[in-house]
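Structure first, then comments.
The values are calculated or read from the model by the stated rules, or taken from the named source; none is laboratory data. This is a predicted model, so every value here is computed, not measured. Don't worry about glycine lacking a Cβ; one is built from the backbone with ideal geometry, like all the others, and counts go over all protein chains shown. The protein model used for the area step is the full one, side chains on, heavy atoms only, and it has no ligands, DNA or RNA in it. Shrake-Rupley method; radii C 1.70, N 1.55, O 1.52, S 1.80 Å.
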Amino acid sequence: MTDNLMRTIDLRGQRLTRSELLQAMPRAQMGTHEAAELVQPILDEVHQRGAAALRDFGERFDGVRPTNLCVPQEKLQQALEELDPEVKLAIEESVRRSRAVSASQVPEGFHTDLAPGARVSERWIPVQRVGLYVPGGKAVYPSSVIMNVVPAQAAGVQSLAIATPPSKTSEEGLPNGTILATCAILGVDEVYAVGGAQAIAMFAYGAKGSLPQDGDVLCDPVDKITGPGNIFVATAKRLVSGFVGIDAVAGPTEIAIVADSGANPEWLAADLIGQAEHDELAGSVLIVDDEALAQRVQESLLHRVPRTEHAERVTTSLAGSQSGIILTDGIDQSIEVANAYAAEHLEIQTKDADAVIARITNAGAIFRGPYSPVPLGDYMSGSNHVLPTGGTARFASGLGVHTFMKPVEVIEYDEEGLKVLASRINAFAVSEDLPGHGECVLSRFIDDPYDKATLRQQEQEAGLL
C-alpha cells in the first residue's frame, strides 16, 4: 500500500552474502566528519579561553549566558526540595535498581601461579576522574544522570563531574531542575551548566576561570568522558578521543524487534513509536516473517501516530531511510538479520524467545518478551541505557561498571621463576633482533651477556640451559 508509514525491505527468497546483508540494513547517517569543521574551533576556543569561551558559547547555542557555570550547592539542594514527590520516588527506585545491578558487575581480581615463584595477577583500578555528559535539547534526561553516575560510583571513581546545558527558562542559566535534583539524590556536587561540544572540550582540557565566581580554575580535566549527545557532542568526543578516554561515539538511538505471527501488532506499533519519539533520525526496525502481521502493524501506526504528542517527529523518524519493516522467510533469517543489524535495543517477541536469544550474537541490550519493552530499560529495569548504536554492537558493549575501571596486570617472578625462562627469553629476543631484551634478563644470572663468544658457556655454568 502506498499510504504505509514505514517502508518495507523484502529479503524473502534471497541468500545474501555477509557484505550484502550488512549493506541492506537501514542506517542513519552520522555525518561526524562534516560536523568536525564546526566543532574543532569550539574545542580550540575553550582550550585557549576557558570559562570566557564557555559563556560565549552558552549564549550563542543555548540562548542563555550562565551566571554560574559551576552550579552552586544550594541550587542543587533547592532543586531537590522543589522536585515533584512522584518523580522523586520514581528516580529513587531507578537508582535503587541500578545500584543493585551495578554492585553485581564489579569485577574481582585474580592471580595465576604458572610455576614456583612465577605469578601473574590482575587488579581492577577505577578511573581517577570522569566527566559525565547529560544532554538537553528535545527532552530532559535525568535517567542519563543515573545511568552514568551509578556505575561510576560502583566502580569506585572518586572524582565525578557532570555537564548539562543551561535552561533557557532560567534567568541565571541553571540547568533543568529535575537533572539538578537527580544529581543531589546521587550525591554528585560538581555540576556544570555547560552543553554541547564546549562541555566536551571543558572536560578534555579543563577550563580556567574568567569571573570571580569561577575561581582560578573552573574545571579540572578528566581522564574519561561518557554519556550520549547530539551530532556535535559525538563529533567532539571523537576529536578528543586519545587525549582522553571516551565511552563511544554514539549515533542516533535505535530499536529492532524480532517478531513472529504470535506477536501483538498494536504493541509492536507502540514500541516502534516509542523509539521514534527520541529524534527524527532515530531508527525503528521491525524484523518479521509474517507479511499479514507486518501490514497490521502498518495499519496500527497510521491510527496511533497522529494521536501521540510528538507526531511530526515520530512520522519523520518512521518514514526515514533509517527505519523499516524487514520481511524474512522465517525465524532463522530473522535472527540472521538481527545479528547483522546489531541493534542498540533488541526486542524479542516470538513464540520461543529463549531459543531466539540463545542465537543472538550482536545487540546492545536484549528485551525478552512482550512485557519487557525498551522504556523499561530506559528508566527502571536496573540495566543501563547507554548502549552501542549504528551497528557497533557487533564489537562493543553498553556502559557499565567496567567502563570506569582498568584491568592492570601485576607480574611477580622470583629468582628461580625467572631463571628457568632466561635462556628462552634470550632466544626469543634475538629472533626479533632485540638482543638488549635478552641481555637484560641474562644480566641477572651471568657476568657478561654481551660476550657472545662465551655466552653459551656462561649460560651452562649458570644453570640456565
- Counting other Cβ atoms within 10 Å, which trypsin sites (Lys or Arg not before Pro) in segment 2-52 have at most 14 and lie in a DSSP loop? Arg7, Arg12, Arg15
- Message: Can you list residues from other chains, or at least 5 along the same chain, whose modelled amide H is less than 5 Å from the amide H of Val217?
- Response: Gly209
- What relative contact order, as a whole-number percentage, does segment 1-150 give when Cα pairs under 8 Å and 6 or more residues apart are counted? 12 percent
- Query: Tell me, how many Å apart are the Cα centres for segment 1-23 and for segment 335-354?
  - Reply: 16 Å
- Item | Spatially near lysine pairs across the chain, Cα under 28 Å, sequence gap of 8 or more or different chains | 18
- Could you grab the Rg to Rh ratio for segment 62-217? Cα atoms only, Kirkwood for Rh. 1.09
- Message: What do you get for the angle between helix 85-105 and the principal long axis of the chain? Use alpha-carbon atoms, 0 to 90 degrees, nearest ten.
- Response: 30 degrees
- Task: Would you check the accessible area of Met405, probe 1.4 Å, heavy atoms only, in square angstrom rounded to 10?
- Result: 20 Å²
- Longest the chain segment clear of GluC sites (Glu not before Pro) sitting in DSSP loops (not H, G, I, E or B) with at most 11 other Cβ atoms within 10 Å runs 172-308
- Percent accessible area from carbon and sulfur atoms, segment 266-332, protein chains only, probe 1.4 Å: 47 percent
- Measure nothing but the geometry: give the 0 to 90° angle between the long axis through the Cα atoms of 196-205 and the longest principal axis through the Cα atoms of the chain, rounded to 10°. 20 degrees
- Task: Report the longest stretch of the chain that contains none of the chymotrypsin sites (Phe, Trp or Tyr not before Pro) sitting in a DSSP loop with at most 15 other Cβ atoms within 10 Å.
- Result: 1-242
- What are the residues whose amide H is under 5 Å from the amide H of Ile246, where those residues sit 5 or more places off or on another chain and H is modelled from the backbone? Ile225
- Task: Return the whole-Å distance between the Cα centroid of segment 194-212 and the Cα centroid of segment 395-448.
- Result: 41 Å
- Kirkwood hydrodynamic radius of the chain, from inverse mean 1/r over distinct Cα pairs, in Å: 25.1 Å
- Message: As a test of understanding, state the convex hull volume per residue of segment 314-428 from its alpha carbons, in Å³.
- Response: 218 Å³
